[in-house]
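Chemist: Below you'll find the structure I mean.
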Amino acid sequence: MSRLQAYFNSEFLASSLGTEFHEFITRVTQAKSKSEETSHVTEELSKLTYKMGLPDVSSTKMRDYLIRLMHCYMLGYSVDFSIIYAIMASQSGETASDRRVGYLACTLFLANDHELGIMLINTLQRDLKSQNHLDRCSALNAICYLEHTEMVDSVLSLVIACMDFPKQIVRKKAIMTLYFLFERSGVLIDQIEPALRKALEDKDSSVVFAALSVWKLILVDHAERCQDLLPIFFSIHKQIIEKRIHKTFLYHGVYAPWAQMDCLSIYNIFLDLNIGTPKEVYSMIMDCLESVEKKVDAAFAIVLECVKLLSVMDPILLACFSKEPDRNPFNVLVNYLNASNLNLKYLGLIGMMYVDHSFWRPDWLDGTLISHTLRTCCFDDTITTQAIENLDTIVDQHVLEGISIDLIEGLKSTENITLAYWLLNRTMEHNANRDSCWFIQTVIEILAVTKRRLDDDYVETQCNILKEALLGEVEDTKLRECSVNIVYKLIKPTHSNIFSPLWLQFAFWTLGEHGYLSSLYSEIDIMKQLEKLLMIVQDDDLQTCGLQAMKRCILRSKTWLSGLEKVLKEYKRSPVPEKQQIARELLDIISDVEFEKQLQQTDLTLSSTKITANPNKPTAMNRFSLTEDVDCSTSISNVQQHRTSIQETFNNSAAQLSASSGSHAGDTEMTTKKFGKLWIEYKIEKKKRFECSVKDSLKLAKRLSKSWRIQIIEVIGQEFIAIETTANSGLLLIHVAMLPQNLFQLTLKTKLSHDDINTFLKTRQLQ
């Protein structure tokens, strides 16, 4: 009974195929291994070979056999024996459905210029003359997928004649077929242009829209010879905007959105070639924007396409067209940028990238709008990446100071580290002197709110830069006081071990060395926070740093907290020598009557957790360790050595190009293979690293090709290669490799002299 029910389910009945086909498909789909599948398919092919060779096979059965063969073909099995049967089915099928299956099998089984393909020409000619629109459609579909040198001349005139067939479906398919013949079979534009021009004036709108999609592709290379068509495209677009087409073309409140997109793409082609008047195009675009401004779905794509098209127009002309502020054509993006929907925000951000800065609103130029977007949506990687790209076009120190608060607030509520790296890198880049309280406060706060998510080496580098800036302050104390205040503010509400160990080392050092400079907090306040941190962290090295900071505060203030004694007695039994030593020293200090005991309302006590070595502790405890005899900071030379080792590691990995990339100075066409040969030949080389907000190598290649005016040869994974012709008629070989932490490495090679490399870097302000 279950088998009978399977035969009579809705899908089986709708297929109008036999039970043998159903059983074959069931066996194949239920096969548990490749060998079992091969066994079923081989058995089925043997049966079909025998059955198709029998005399008087009905057209219906032949259709069923061909469908089974197509399934075998799609599974990767050879069915060459069935080609002749497919051709016969297309020729002698009793019904249009049978003949259509025959054509479908031919398009799958026949390779280009197959020797049996010539047998289809007469059949195609017959069906292209048929009065049955189904036969004509089947033949037109087949022509799009069949390639035979002798077929084009035999069917071209008949395909053009199909443009006059009464059924609009035939005329639409004829348009597509003409384009395929033009694109793949070498048909001249002169042969098909009259028919395609006629299609733009067809009485049926669907035929006109089909012609638009074809003209959009043809005009890429033939726009100059078709300048007179621009008014026709305007007329078609205006007809759509004014709703003078049938309501069946209405899609979610927008009339013929895909046809409108084609019209806008065509305008873009003509604008690039300075064909037509910009004023007419501007008026058409504004009418289009007005018609879709309050629509949804497909309207969003039209709005973005209009913004892109307006952005390629000359800004001066565009300003003349929109003299009134309310007529700023890019105001349409405001609603998208302020939308709560993430997709709409992304559309607004993408649109901003195309708009000339002279048309940006004040809250766009100062970065406040984008920073608000990042604050509320930084959990979304796509929006974060796009917003950062937008900020990179306007960022400077003034903008950074205005948006840093919003961005730091956003970092508190997300684990997205892309924004943190970008903000830190730009802060370092636009504050070369590092002599402002804003710089100190911003870097410290970013490192704190990102907790343990940033790379340890990167955090260590930033902390070393901060220390260098604080130690370099001689004539004033504002930077050191600012660092103490912000560190105290960050650790006061903390009751768990959430900070990076390297940042905590810096915090201990700052409070211990410069705590006395704060006008907001006393030494007692600072010692209370240090004591709290000692109880929170369970790492011996960090606790040692904290005790050293505590020691400095006690020596300066001549005061100690009552809860400290119990802690020190516990630490005195620690197996870590450094920790045990500093605890003994502190116990000796507080036993001196010169030091006053400060009573606490509730003594802090150690938790019951055993004091053991932390397997996740920093690899080097002396990065920010505090001792009386040894400088607690890592020396500048050590930092430089550390950076150099990282640089060499990246250089070694990025310098290994594939042997299949290259170029030659005298060649007119550069290839990857030629580039590789020259890369080995050229000996003069220079490498540099730069920061960037782009993570994708393809996007970076597109950006640098425009800003650096270089020719991209190939993008390979997270690397790409390019060339530039030098002033001495030589070649400069360029290799760019993406690195972690929003960096990329640039490698330049030349054959002539270092002057070519230096000129390249100097003209692009990269030195």
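Chemist: Which value, in Å² rounded to 10, gives the accessible area of Glu193 with a 1.4 Å probe and all protein chains present?
Modeler: Number for this one is 20 Å².
Chemist: Rank by packing, highest mean first: peptides 213-219, 257-263, with packing defined as the count of other Cβ atoms within 10 Å averaged across residues. Display every interim value, and only then the final one.
Modeler: Working: 213-219: 19.4, 257-263: 22.4.
Packing order, densest peptide first, comes out as 257-263, 213-219.
Chemist: Another one. In terms of the Cα gyration tensor, with a ≥ b ≥ c the square roots of its eigenvalues, is segment 176-282 rounded because a/c is under 1.5, prolate because a/b exceeds b/c, or oblate?
Modeler: Working: a/c = 2.03, a/b = 1.25, b/c = 1.63.
Note, shape of segment 176-282 comes out oblate.
Chemist: Setting aside same-chain residues fewer than 8 positions from Lys47, which lysines have a Cα under 27 Å from its Cα?
Modeler: Lys32, Lys34, Lys61
Chemist: In segment 137-153, which residues have a backbone nitrogen under 11 Å from the label point lying 7 Å from Thr107's Cα in the Cα-to-Cβ direction?
Modeler: 137-146, by backbone N distance to the label point.
Chemist: Can you tell me the FRET efficiency between Asp221 and Thr38 if r is taken as the Cβ-Cβ distance and R0 is 41 Å, rounded to the nearest 0.05?
Modeler: 0.30
Chemist: Just to verify a number: FRET efficiency for Thr277 and Arg197, C-beta to C-beta distance, R0 = 25 Å, to 0.05?
Modeler: 0.70
Chemist: If you count only protein heavy atoms and use a 1.4 Å probe, how large is the accessible surface of Glu691, to the nearest 10 Å²?
Modeler: So the heavy atoms of Glu691 present about 80 Å² to solvent.
Chemist: Show Thr376, Thr672 ordered by accessible area, largest first, where the area counts protein heavy atoms only and the probe is 1.4 Å.
Modeler: Thr376, Thr672
Chemist: In addition: Leaving out same-chain residues fewer than 8 places away, which lysines sit with a Cα under 22 Å from that of Lys279?
Modeler: Lys216, Lys238, Lys308, Lys323
Chemist: With θ set to phi - 60° and the Karplus curve 6.51 cos²θ - 1.76 cosθ + 1.60, what are the ³J(HN,Hα) couplings of segment 216-229 in order, to the nearest whole Hz, using x for Gly and Pro?
Modeler: Result, rounded to whole Hz: 4, 7, 5, 5, 4, 10, 10, 5, 5, 7, 10, 4, 5, 7.
Chemist: Relative to a virtual label point 7 Å from the Cα of Glu94 in the Cα→beta-carbon direction, which members of segment 47-66 show backbone nitrogen distances below 18 Å?
Modeler: Within reach of a label on Glu94, which here means backbone N under 18 Å from a point 7 Å along Cα→Cβ, segment 47-66 contributes 52-66.
Chemist: Below 8 Å, C-alpha to C-alpha, sequence gap of six or more: please give me the relative contact order for the chain in percent. Don't jump to the answer; show the numbers that get you there.
Modeler: Details: 906 pairs, mean separation 35.0, N = 767.
Rounded, it is 5 percent for the chain.
Chemist: Right, here's the next one. What FRET efficiency do you get for Asp457 and Asp396 if R0 is 30 Å and r is their Cβ-Cβ distance, rounded to the nearest 0.05? Please list the in-between numbers first.
Modeler: On the way: r = 28 Å, r/R0 = 0.93.
Using R0 = 30 Å, I get an efficiency of 0.60.
Chemist: Please say if segment 63-159 is rounded, prolate or oblate, where rounded means a/c under 1.5 for a ≥ b ≥ c the square roots of the C-alpha gyration tensor eigenvalues, and otherwise the choice is prolate for a/b larger than b/c and oblate otherwise?
Modeler: Oblate.
Chemist: Would you mind computing, in nm to one decimal, how far apart the modelled labels at Ser358 and Ser235 are, each placed 7 Å from Cα along Cα→Cβ?
Modeler: 3.5 nm
Chemist: With each pseudo-label sitting 7 Å past Cα toward Cβ, what's the Leu743-Tyr145 distance in nm, one decimal?
Modeler: That separation, rounded to one decimal, is 5.3 nm.
Chemist: Carbon-plus-sulfur fraction of the accessible area of the chain, 1.4 Å probe, in percent?
Modeler: Carbon and sulfur: 51 percent of the exposed surface of the chain.
Chemist: Extension gain Thr368-Tyr73, at 0.36 nm per residue separation less the Cα-Cα distance, in nm?
Modeler: Using 0.36 nm per residue and subtracting the Cα-Cα distance, I get 100.3 nm.
Chemist: What is the gain in length, in nm to one decimal, between Lys597 and Ile465 on full extension, counting 0.36 nm per residue of separation less the C-alpha to C-alpha distance?
Modeler: Full extension of this stretch gives 43.8 nm more.
Chemist: Provide the gained length on full extension for the span Lys47 to His430, in nm with one decimal, where the gain is 0.36 nm per separating residue minus the Cα-Cα distance.
Modeler: Extending this stretch completely gives an extra 130.2 nm.
Chemist: For segment 98-245, rounded, prolate or oblate, judged on the Cα gyration tensor with a ≥ b ≥ c (square roots of eigenvalues), a/c < 1.5 rounded, else prolate if a/b > b/c?
Modeler: Because a/c hits 1.5 or more and a/b exceeds b/c, segment 98-245 counts as prolate.
Chemist: Could you sort 116-126, 428-438 so that the peptide with the highest average Cβ count within 10 Å comes first and the rest follow in order?
Modeler: My ranking of the peptides, most packed first, is 116-126, 428-438.
Chemist: Pick the calculated Rg/Rh (Cα atoms, Kirkwood Rh) for this structure from (1) 1.07; (2) 1.11; (3) 1.01?
Modeler: Here the calculated entry is (2).
Chemist: Kindly provide the helix-only [θ] at 222 nm of the chain, computed as the sum of -39,500 (n - 2.57) over DSSP H runs of four or more divided by all residues, to the nearest 500 deg cm²/dmol?
Modeler: Calculated at 222 nm, the ellipticity per residue is -18500 deg cm²/dmol.
Chemist: How would Ser35, Ser518 rank on accessible area, largest to smallest, probe 1.4 Å?
Modeler: Of Ser35, Ser518, the descending order of accessible area is Ser35, Ser518.
Chemist: Counting only the heavy atoms of the protein chains, how much of Asp476 is accessible to a 1.4 Å probe, in Å² to the nearest 10?
Modeler: Looks like 70 Å² after rounding.
Chemist: Sticking with this structure for a sec: Using Cα-Cα distances under 8 Å and only pairs 6 or more residues apart, what relative contact order does segment 252-320 have, in percent?
Modeler: It rounds to 44 percent for segment 252-320.
Chemist: Still on this structure: Can you list the lysines whose alpha carbon is less than 19 Å from that of Lys673, not counting same-chain residues fewer than 8 positions off?
Modeler: Answer for Lys673, where 19 Å is the Cα cut-off: Lys683, Lys749, Lys751, listed by chain and number.
Chemist: While we're looking at this one, here's another question. What do you reckon, how do Phe209, Phe270 stack up by accessible area (1.4 Å probe), largest on top?
Modeler: Order by accessible area, largest first: Phe209, Phe270.
Chemist: Keeping to pairs on different chains or 8 or more places apart, tell me how many lysine pairs in segment 423-536 have Cα atoms under 17 Å apart.
Modeler: 8
Chemist: Then there is this: So what is the accessible area of the chain per residue, in Å², with the probe set to 1.4 Å? Could the numbers behind the result be given before it?
Modeler: On the way: 37130 Å² over 767 residues.
Accessible surface, normalised per residue, equals 48 Å².
Chemist: Under a plain spin-label model, where a point goes 7 Å from the Cα along Cα-to-Cβ, how far apart in nm are Thr19 and Glu409?
Modeler: So the label points at Thr19 and Glu409 sit 7.3 nm apart.
The values are calculated or read from the model by the stated rules, or taken from the named source; none is laboratory data. In this text, all values refer to a predicted model and were calculated from it rather than measured experimentally. Glycine gets a Cβ as well: all are built from the backbone with ideal geometry, and neighbour counts include every protein chain shown. All accessible areas refer to the heavy atoms of the entire protein, side chains included, with ligands and DNA or RNA removed. Shrake-Rupley method; radii C 1.70, N 1.55, O 1.52, S 1.80 Å.
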